[in-house]
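Before any comments, here is the structure.
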Amino acid sequence: MADGHATGERAKFREMLEGTKEDWEIIAENSRIFNKGLAKRVLDHLRLLDGDFGGFPIDRLQHSLQTATRAHRDGRDEEYVVCALLHDIGDTLGSMNHPDVAAAILKPFVSEANLWMVANHGAFQGYYFFEYLGLDKNMREQFKDSPHYQRCAEFCHKYDQAAFDPDYESEPLEFFEPMVERVFSKPKNSMYLRKQE
Ligand SMILES: [Fe+2]
Ligand SMILES: [Fe+2]
């Protein structure tokens with residue numbers, strides 16, 4: 001059951017107004033089981049970037065692996081490395097706002113600093129190419145007073161903008177899977193968490 005399969009039991013209400021404690025115990029148990037499969041679902045979604053080049057020198061999965069590998073080899077902690085791995089996971093469904101998608105997925109599980117870094121990396125990454133697209137390369141300056149400005153600038157400089165080298169030997173996705181499992185097993189911020197959890 002720990003692999004994400006439901007219990008098979010169903011609540012009996014036709015509208016939530018009729019809901020009972022028993023109904024919600026069934027749903028809560030199914031939710032507990034489903035949540036255990038979250039890391040796997042996230043990794044499956046990340047794999048959609050495989051073969052998606054978008055004109056870049058390497059595909060978006062390889063870019064993600066290279067960003068995470070560079071962060072890992074530079075001594076970053078596990079949560080940071082997972083953020084690096086997933087920072088572009090939103091490219092599939094959020095092609096006009098991909099950092100927001102990654103941030104929404106990571107929000108319950110990471111620190112405010114790491115969340116800010118993921119959520120805003122798009123403007124900081126733009127420092128390296130916006131001028132070629134008629135955009136403001138200094139768009140990141142709108143965040144100059146943020147306590148997380150330097151963290152995000154460093155992420156883009158050292159790992160994200162640097163991760164397009166076809167000759168770099170990245171770790172495979174399997175290398176990062178246990179890290180993703182651990183980070184996604186410990187939610188810190190969610191309106192669905194009870195106080196004692
Ligand atoms: Fe990005
Ligand atoms: Fe990226």
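The values are calculated or read from the model by the stated rules, or taken from the named source; none is laboratory data. Source: prediction; values computed, not measured. Backbone-built Cβ (ideal geometry, glycine too); neighbour counts: all protein chains shown. What goes into the accessible areas is simple: the full protein's heavy atoms, side chains included, and nothing from ligands, DNA or RNA. Shrake-Rupley method; radii C 1.70, N 1.55, O 1.52, S 1.80 Å.
If we scan the stretch 87-105, do we find a residue that is farther than 17 Å from residue 61 by Cα, open to solvent by 80 Å² or more (accessible area, probe 1.4 Å) and more than 13 Å from ligand 1 (Cβ to nearest atom)? No; the residues of the stretch 87-105 include none that is farther than 17 Å from residue 61 by Cα, open to solvent by 80 Å² or more (accessible area, probe 1.4 Å) and more than 13 Å from ligand 1 (Cβ to nearest atom). Scoring residue 25 on the criteria (1) open to solvent by 50 Å² or more (accessible area, probe 1.4 Å); (2) under 15 Å from the mean Cα position of the chain (by Cα); (3) acidic (Asp, Glu) leaves a single failure, condition (2).
Is it fair to say residue 48 is part of a helix (DSSP H, G or I), modelled with pLDDT of 95 or more and open to solvent by less than 30 Å² (accessible area, probe 1.4 Å)? No, not satisfied. Within the stretch 25-57, being within 14 Å of ligand 1 (Cβ to nearest atom) and in contact with a Phe, Trp or Tyr (Cβ under 8 Å, 6 or more places away or on another chain) holds for one residue alone: 56. Quick check on residue 6: is it surrounded by fewer than 18 Cβ atoms within 10 Å (Cβ to Cβ), part of a loop (DSSP other than H, G, I, E, B) and modelled with pLDDT under 95? So residue 6 fits the description; yes. What residue, among those in the stretch 112-132 that are of a type in the set (Ser, Thr, Tyr) and surrounded by fewer than 16 Cβ atoms within 10 Å (Cβ to Cβ), is nearest to residue 179 (Cα to Cα)? Residue satisfying both the conditions and the ranking: 128. Pairs are defined by a Cβ separation below 8 Å, a sequence spacing of at least 6 or placement on different chains, a first member in the stretch 156-180 that is assigned to a helix (DSSP H, G or I), and a second member that is among the hydroxyl-bearing types (Ser, Thr, Tyr) and open to solvent by 50 Å² or more (accessible area, probe 1.4 Å); the pairs so defined are 156/127; 156/128.
Among the residues of the stretch 136-189, those that are over 16 Å from residue 39 (Cα atoms) and polar (S, T, N, Q) comprise 138, 142, 146, 150, 161, 170, 189.
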